Amino acid sequence: VHSQKEILPLYCSTELFISSICFYLYVVVVFLTELEKAWRKFDWGQKEALKSRLERFTLSNPDVTNIKILVAGQIGAGKSSFINSVICAFQGEIVCVAIAETLESGASHSFTRRLKAHHIRSADAELPFEICDIIGLEPANISEREPDDIVKAIYGHVKEGYKFSEEKTLASGDEHYNETPSLSDQAFCLVYVIDANTFNLCKDEIIVQKLRKIRQKISENGIPQVIVMTKVDKACPLVENDLRKIYTSKRIKEIMELCSAKVGVPMNHIFPVKNYHNEIDTDDDVDVLILKAFDQIVRSANARLSNGASNL
(Lines give C-alpha, C1' and ligand atoms only; values in the text may rest on other atoms or scores of the structure.)
Protein backbone atom coordinates (compact mmCIF):
# COMPACT_ATOMS: atom_id res chain seq x y z
CA VAL A 1 0.00 0.00 0.00
CA HIS A 2 1.43 3.35 -1.03
CA SER A 3 1.53 6.13 1.51
CA GLN A 4 0.02 9.57 0.88
CA LYS A 5 3.55 11.02 0.53
CA GLU A 6 4.26 8.54 -2.28
CA ILE A 7 0.97 9.14 -4.12
CA LEU A 8 1.01 12.95 -4.00
CA PRO A 9 4.09 13.44 -6.26
CA LEU A 10 2.65 10.95 -8.75
CA TYR A 11 -0.68 12.79 -8.75
CA CYS A 12 1.03 16.15 -9.22
CA SER A 13 3.17 14.78 -12.05
CA THR A 14 0.06 13.43 -13.80
CA GLU A 15 -1.71 16.77 -13.43
CA LEU A 16 1.32 18.60 -14.80
CA PHE A 17 1.54 16.18 -17.72
CA ILE A 18 -2.14 16.63 -18.60
CA SER A 19 -1.83 20.42 -18.30
CA SER A 20 1.21 20.38 -20.58
CA ILE A 21 -0.59 18.26 -23.18
CA CYS A 22 -3.60 20.61 -23.11
CA PHE A 23 -1.34 23.63 -23.51
CA TYR A 24 0.50 22.14 -26.49
CA LEU A 25 -2.78 21.08 -28.10
CA TYR A 26 -4.04 24.64 -27.73
CA VAL A 27 -0.84 25.98 -29.32
CA VAL A 28 -1.31 23.57 -32.25
CA VAL A 29 -4.97 24.61 -32.64
CA VAL A 30 -3.98 28.29 -32.68
CA PHE A 31 -1.20 27.62 -35.20
CA LEU A 32 -3.55 25.75 -37.52
CA THR A 33 -6.55 28.08 -37.22
CA GLU A 34 -5.21 31.63 -36.73
CA LEU A 35 -4.00 33.94 -39.47
CA GLU A 36 -1.12 36.33 -38.84
CA LYS A 37 -3.21 39.31 -39.96
CA ALA A 38 -6.93 40.02 -39.71
CA TRP A 39 -8.59 39.39 -43.09
CA ARG A 40 -11.32 41.99 -42.39
CA LYS A 41 -10.62 45.40 -40.89
CA PHE A 42 -12.78 45.89 -37.81
CA ASP A 43 -12.88 48.63 -35.18
CA TRP A 44 -13.69 47.05 -31.82
CA GLY A 45 -14.16 50.47 -30.26
CA GLN A 46 -17.01 51.66 -32.50
CA LYS A 47 -19.93 50.43 -30.38
CA GLU A 48 -21.10 53.83 -29.12
CA ALA A 49 -20.63 55.44 -32.54
CA LEU A 50 -22.77 52.73 -34.16
CA LYS A 51 -25.47 53.08 -31.50
CA SER A 52 -25.53 56.84 -31.87
CA ARG A 53 -25.73 56.65 -35.66
CA LEU A 54 -28.59 54.15 -35.57
CA GLU A 55 -30.46 56.10 -32.90
CA ARG A 56 -30.33 59.21 -35.14
CA PHE A 57 -31.18 57.28 -38.31
CA THR A 58 -33.55 58.96 -40.79
CA LEU A 59 -35.55 56.86 -43.24
CA SER A 60 -35.24 57.63 -46.95
CA ASN A 61 -39.03 57.74 -47.45
CA PRO A 62 -41.08 60.15 -45.26
CA ASP A 63 -44.25 58.10 -45.84
CA VAL A 64 -42.81 55.14 -43.90
CA THR A 65 -42.64 55.24 -40.10
CA ASN A 66 -40.70 52.01 -39.57
CA ILE A 67 -38.51 50.13 -42.00
CA LYS A 68 -39.28 46.41 -41.93
CA ILE A 69 -36.60 43.70 -41.97
CA LEU A 70 -37.44 40.00 -42.29
CA VAL A 71 -35.31 37.36 -40.54
CA ALA A 72 -35.30 33.82 -41.96
CA GLY A 73 -33.19 30.72 -41.43
CA GLN A 74 -33.02 27.11 -40.35
CA ILE A 75 -34.69 26.09 -37.11
CA GLY A 76 -32.27 26.43 -34.22
CA ALA A 77 -29.87 28.72 -36.11
CA GLY A 78 -30.58 31.61 -33.76
CA LYS A 79 -33.15 33.85 -35.52
CA SER A 80 -35.00 34.82 -32.37
CA SER A 81 -31.77 35.02 -30.38
CA PHE A 82 -30.36 37.46 -32.94
CA ILE A 83 -33.42 39.69 -32.56
CA ASN A 84 -33.01 39.57 -28.78
CA SER A 85 -29.29 40.34 -29.11
CA VAL A 86 -30.00 43.44 -31.22
CA ILE A 87 -32.41 44.71 -28.56
CA CYS A 88 -29.90 43.88 -25.80
CA ALA A 89 -27.20 45.89 -27.57
CA PHE A 90 -29.42 48.97 -27.71
CA GLN A 91 -30.83 48.70 -24.20
CA GLY A 92 -27.62 47.73 -22.43
CA GLU A 93 -29.18 44.80 -20.59
CA ILE A 94 -30.20 41.22 -21.27
CA VAL A 95 -33.80 41.01 -22.46
CA CYS A 96 -35.87 38.28 -24.08
CA VAL A 97 -38.52 39.71 -26.39
CA ALA A 98 -38.49 37.05 -29.12
CA ILE A 99 -38.96 33.64 -27.52
CA ALA A 100 -36.08 31.41 -28.56
CA GLU A 101 -35.61 27.65 -28.24
CA THR A 102 -32.57 25.48 -28.82
CA LEU A 103 -32.53 22.14 -30.62
CA GLU A 104 -30.64 20.39 -27.85
CA SER A 105 -33.81 18.57 -26.90
CA GLY A 106 -34.01 17.10 -30.39
CA ALA A 107 -36.81 19.30 -31.70
CA SER A 108 -37.31 19.07 -35.45
CA HIS A 109 -40.00 21.72 -35.96
CA SER A 110 -39.84 25.49 -35.81
CA PHE A 111 -40.61 27.05 -32.44
CA THR A 112 -41.72 30.24 -34.21
CA ARG A 113 -45.08 29.52 -35.85
CA ARG A 114 -46.50 33.02 -36.37
CA LEU A 115 -45.29 36.14 -38.16
CA LYS A 116 -44.26 38.47 -35.35
CA ALA A 117 -42.91 42.01 -35.64
CA HIS A 118 -40.49 43.29 -32.99
CA HIS A 119 -40.00 47.04 -32.65
CA ILE A 120 -36.49 48.10 -31.73
CA ARG A 121 -36.05 50.47 -28.80
CA SER A 122 -33.02 52.19 -27.39
CA ALA A 123 -32.78 53.01 -23.69
CA ASP A 124 -34.75 56.23 -24.31
CA ALA A 125 -37.03 55.85 -27.30
CA GLU A 126 -38.46 53.63 -30.01
CA LEU A 127 -36.35 53.48 -33.17
CA PRO A 128 -37.71 53.34 -36.75
CA PHE A 129 -36.78 49.69 -37.20
CA GLU A 130 -39.01 46.63 -37.18
CA ILE A 131 -37.61 43.09 -37.28
CA CYS A 132 -40.03 40.35 -38.27
CA ASP A 133 -39.50 36.81 -37.02
CA ILE A 134 -40.88 34.07 -39.24
CA ILE A 135 -41.21 30.29 -39.25
CA GLY A 136 -37.88 28.47 -39.36
CA LEU A 137 -36.83 26.41 -42.38
CA GLU A 138 -36.92 22.67 -41.71
CA PRO A 139 -34.20 20.48 -43.28
CA ALA A 140 -36.47 17.42 -43.37
CA ASN A 141 -39.16 19.22 -45.37
CA ILE A 142 -38.43 19.68 -49.09
CA SER A 143 -41.77 21.32 -49.96
CA GLU A 144 -42.09 24.74 -51.60
CA ARG A 145 -44.43 25.94 -48.82
CA GLU A 146 -41.83 27.60 -46.57
CA PRO A 147 -40.01 29.57 -49.32
CA ASP A 148 -43.34 30.68 -50.83
CA ASP A 149 -44.65 31.95 -47.49
CA ILE A 150 -41.40 33.79 -46.76
CA VAL A 151 -41.46 35.49 -50.17
CA LYS A 152 -45.08 36.56 -49.59
CA ALA A 153 -44.12 37.93 -46.18
CA ILE A 154 -41.31 39.98 -47.74
CA TYR A 155 -43.72 41.59 -50.18
CA GLY A 156 -46.18 42.38 -47.37
CA HIS A 157 -48.91 39.87 -48.24
CA VAL A 158 -48.81 38.09 -44.86
CA LYS A 159 -50.62 39.84 -42.03
CA GLU A 160 -48.93 39.94 -38.63
CA GLY A 161 -50.04 37.13 -36.34
CA TYR A 162 -50.68 34.68 -39.18
CA LYS A 163 -49.98 31.12 -38.05
CA PHE A 164 -48.04 29.30 -40.74
CA SER A 165 -49.55 26.02 -41.89
CA GLU A 166 -47.56 22.82 -42.26
CA GLU A 167 -49.89 21.69 -45.04
CA LYS A 168 -50.45 24.64 -47.38
CA THR A 169 -49.10 28.04 -48.33
CA LEU A 170 -51.03 31.25 -47.72
CA ALA A 171 -53.06 32.20 -50.80
CA SER A 172 -55.00 35.16 -52.13
CA GLY A 173 -58.51 35.21 -50.68
CA ASP A 174 -57.45 34.01 -47.24
CA GLU A 175 -58.38 36.34 -44.35
CA HIS A 176 -54.69 36.63 -43.40
CA TYR A 177 -53.60 37.51 -46.96
CA ASN A 178 -52.99 41.21 -47.55
CA GLU A 179 -54.12 41.88 -51.11
CA THR A 180 -52.80 45.45 -51.33
CA PRO A 181 -49.72 45.84 -49.12
CA SER A 182 -48.42 49.34 -48.43
CA LEU A 183 -44.76 50.36 -48.23
CA SER A 184 -44.94 49.93 -44.46
CA ASP A 185 -46.15 46.33 -44.89
CA GLN A 186 -43.20 45.31 -47.06
CA ALA A 187 -39.76 44.18 -45.91
CA PHE A 188 -36.81 45.90 -47.56
CA CYS A 189 -34.07 43.52 -46.49
CA LEU A 190 -34.01 39.77 -45.94
CA VAL A 191 -31.60 38.47 -43.31
CA TYR A 192 -30.57 34.83 -43.53
CA VAL A 193 -29.48 33.54 -40.11
CA ILE A 194 -27.08 30.61 -40.54
CA ASP A 195 -25.45 28.41 -37.88
CA ALA A 196 -21.68 28.50 -38.46
CA ASN A 197 -21.21 25.36 -36.39
CA THR A 198 -23.34 23.10 -38.58
CA PHE A 199 -23.43 24.78 -41.98
CA ASN A 200 -21.13 22.29 -43.72
CA LEU A 201 -23.25 19.29 -42.73
CA CYS A 202 -25.09 17.40 -45.48
CA LYS A 203 -28.53 18.14 -44.02
CA ASP A 204 -28.00 21.83 -44.78
CA GLU A 205 -28.17 21.17 -48.53
CA ILE A 206 -31.97 21.26 -48.37
CA ILE A 207 -31.80 24.54 -46.44
CA VAL A 208 -29.40 25.98 -49.02
CA GLN A 209 -31.79 24.99 -51.82
CA LYS A 210 -34.63 26.78 -50.04
CA LEU A 211 -32.54 29.90 -49.43
CA ARG A 212 -31.49 29.99 -53.08
CA LYS A 213 -35.14 29.70 -54.18
CA ILE A 214 -36.06 32.62 -51.95
CA ARG A 215 -33.05 34.60 -53.20
CA GLN A 216 -34.01 33.96 -56.81
CA LYS A 217 -37.59 35.15 -56.27
CA ILE A 218 -36.70 38.41 -54.52
CA SER A 219 -33.48 39.40 -56.29
CA GLU A 220 -35.36 40.46 -59.42
CA ASN A 221 -36.96 43.22 -57.35
CA GLY A 222 -33.65 44.29 -55.86
CA ILE A 223 -34.41 43.18 -52.30
CA PRO A 224 -31.03 43.19 -50.50
CA GLN A 225 -29.97 40.08 -48.60
CA VAL A 226 -27.57 39.82 -45.69
CA ILE A 227 -26.29 36.72 -43.91
CA VAL A 228 -25.85 36.79 -40.15
CA MET A 229 -23.64 33.85 -39.19
CA THR A 230 -24.28 32.79 -35.60
CA LYS A 231 -22.61 30.44 -33.09
CA VAL A 232 -19.10 31.36 -34.20
CA ASP A 233 -17.83 30.47 -30.73
CA LYS A 234 -19.07 26.91 -31.21
CA ALA A 235 -17.55 26.66 -34.68
CA CYS A 236 -14.03 27.74 -33.70
CA PRO A 237 -12.17 27.10 -30.39
CA LEU A 238 -9.98 30.13 -31.09
CA VAL A 239 -13.03 32.42 -31.19
CA GLU A 240 -14.62 30.68 -28.21
CA ASN A 241 -11.56 31.62 -26.17
CA ASP A 242 -11.34 35.18 -27.54
CA LEU A 243 -14.15 36.73 -29.60
CA ARG A 244 -11.74 39.34 -30.97
CA LYS A 245 -10.02 36.55 -32.92
CA ILE A 246 -13.09 36.27 -35.15
CA TYR A 247 -11.39 38.00 -38.09
CA THR A 248 -8.08 36.19 -37.71
CA SER A 249 -9.77 32.78 -37.59
CA LYS A 250 -9.12 30.61 -40.66
CA ARG A 251 -12.10 28.46 -39.72
CA ILE A 252 -14.61 31.32 -39.64
CA LYS A 253 -13.29 32.71 -42.93
CA GLU A 254 -13.59 29.29 -44.60
CA ILE A 255 -17.18 28.84 -43.39
CA MET A 256 -18.10 32.31 -44.64
CA GLU A 257 -16.54 31.58 -48.04
CA LEU A 258 -18.43 28.28 -48.26
CA CYS A 259 -21.65 30.01 -47.26
CA SER A 260 -21.13 32.74 -49.86
CA ALA A 261 -20.50 30.16 -52.60
CA LYS A 262 -23.54 28.03 -51.71
CA VAL A 263 -26.15 30.70 -50.99
CA GLY A 264 -24.86 33.32 -53.42
CA VAL A 265 -24.50 36.25 -51.00
CA PRO A 266 -21.19 38.15 -51.37
CA MET A 267 -18.66 38.06 -48.51
CA ASN A 268 -19.11 41.74 -47.67
CA HIS A 269 -22.77 41.00 -46.87
CA ILE A 270 -21.94 38.19 -44.43
CA PHE A 271 -21.48 39.08 -40.76
CA PRO A 272 -20.29 36.59 -38.13
CA VAL A 273 -21.75 37.26 -34.68
CA LYS A 274 -22.23 35.70 -31.28
CA ASN A 275 -25.77 35.90 -29.93
CA TYR A 276 -26.49 36.29 -26.26
CA HIS A 277 -27.32 32.85 -24.90
CA ASN A 278 -26.30 32.15 -21.29
CA GLU A 279 -25.02 35.60 -20.33
CA ILE A 280 -26.70 37.72 -17.64
CA ASP A 281 -24.89 40.95 -18.57
CA THR A 282 -24.13 42.54 -21.93
CA ASP A 283 -20.62 42.57 -23.38
CA ASP A 284 -19.05 45.28 -25.56
CA ASP A 285 -17.41 42.83 -27.97
CA VAL A 286 -20.66 40.92 -28.50
CA ASP A 287 -22.57 44.19 -28.91
CA VAL A 288 -20.24 45.76 -31.47
CA LEU A 289 -20.45 42.72 -33.79
CA ILE A 290 -24.25 42.70 -33.50
CA LEU A 291 -24.53 46.46 -34.07
CA LYS A 292 -22.19 46.42 -37.07
CA ALA A 293 -24.29 43.69 -38.70
CA PHE A 294 -27.52 45.55 -37.92
CA ASP A 295 -26.09 48.83 -39.23
CA GLN A 296 -25.36 47.18 -42.59
CA ILE A 297 -28.81 45.58 -42.64
CA VAL A 298 -30.54 48.90 -41.97
CA ARG A 299 -28.49 50.80 -44.55
CA SER A 300 -29.20 48.16 -47.21
CA ALA A 301 -32.91 48.24 -46.40
CA ASN A 302 -33.04 52.04 -46.45
CA ALA A 303 -31.32 52.19 -49.83
CA ARG A 304 -33.93 49.78 -51.24
CA LEU A 305 -36.77 51.74 -49.59
CA SER A 306 -35.75 54.84 -51.53
CA ASN A 307 -36.60 52.97 -54.76
CA GLY A 308 -40.23 52.44 -53.75
CA ALA A 309 -42.57 49.46 -53.60
CA SER A 310 -41.88 45.90 -54.73
CA ASN A 311 -44.30 43.66 -56.58
CA LEU A 312 -44.65 39.89 -56.21
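The values are calculated or read from the model by the stated rules, or taken from the named source; none is laboratory data. These numbers were taken from a predicted model, which means no experiment stands behind them. Virtual Cβ from ideal backbone geometry, glycine too; neighbours counted across all protein chains shown.
Suppose we filter V239, V193 for residues that are surrounded by 18 or more Cβ atoms within 10 Å (Cβ to Cβ), in contact with a strand residue (DSSP E or B) (Cβ under 8 Å, 6 or more places away or on another chain), aliphatic (A, V, I, L, M) and over 26 Å from E146 (Cα atoms); which single one remains?
The conditions single out V239.
Among the residues of the stretch 267-283, is any assigned by TED's automatic domain parsing to the domain that holds I75, part of a helix (DSSP H, G or I) and in contact with a strand residue (DSSP E or B) (Cβ under 7 Å, 6 or more places away or on another chain)?
Yes, that holds for at least one residue.
Kindly list the number of the only condition in (1) outside any strand (DSSP E or B); (2) within 29 Å of V64 (Cβ to Cβ); (3) modelled with pLDDT of 95 or more that fails for L238.
If we test L238 against (1) outside any strand (DSSP E or B); (2) within 29 Å of V64 (Cβ to Cβ); (3) modelled with pLDDT of 95 or more, just (2) comes out false.
Just one of (1) within 17 Å of the chain's Cα centre (by Cα); (2) among the aliphatic types (A, V, I, L, M); (3) surrounded by 21 or more Cβ atoms within 10 Å (Cβ to Cβ) trips up I223, so point out which.
In the conditions (1) within 17 Å of the chain's Cα centre (by Cα); (2) among the aliphatic types (A, V, I, L, M); (3) surrounded by 21 or more Cβ atoms within 10 Å (Cβ to Cβ), I223 misses (1) alone.
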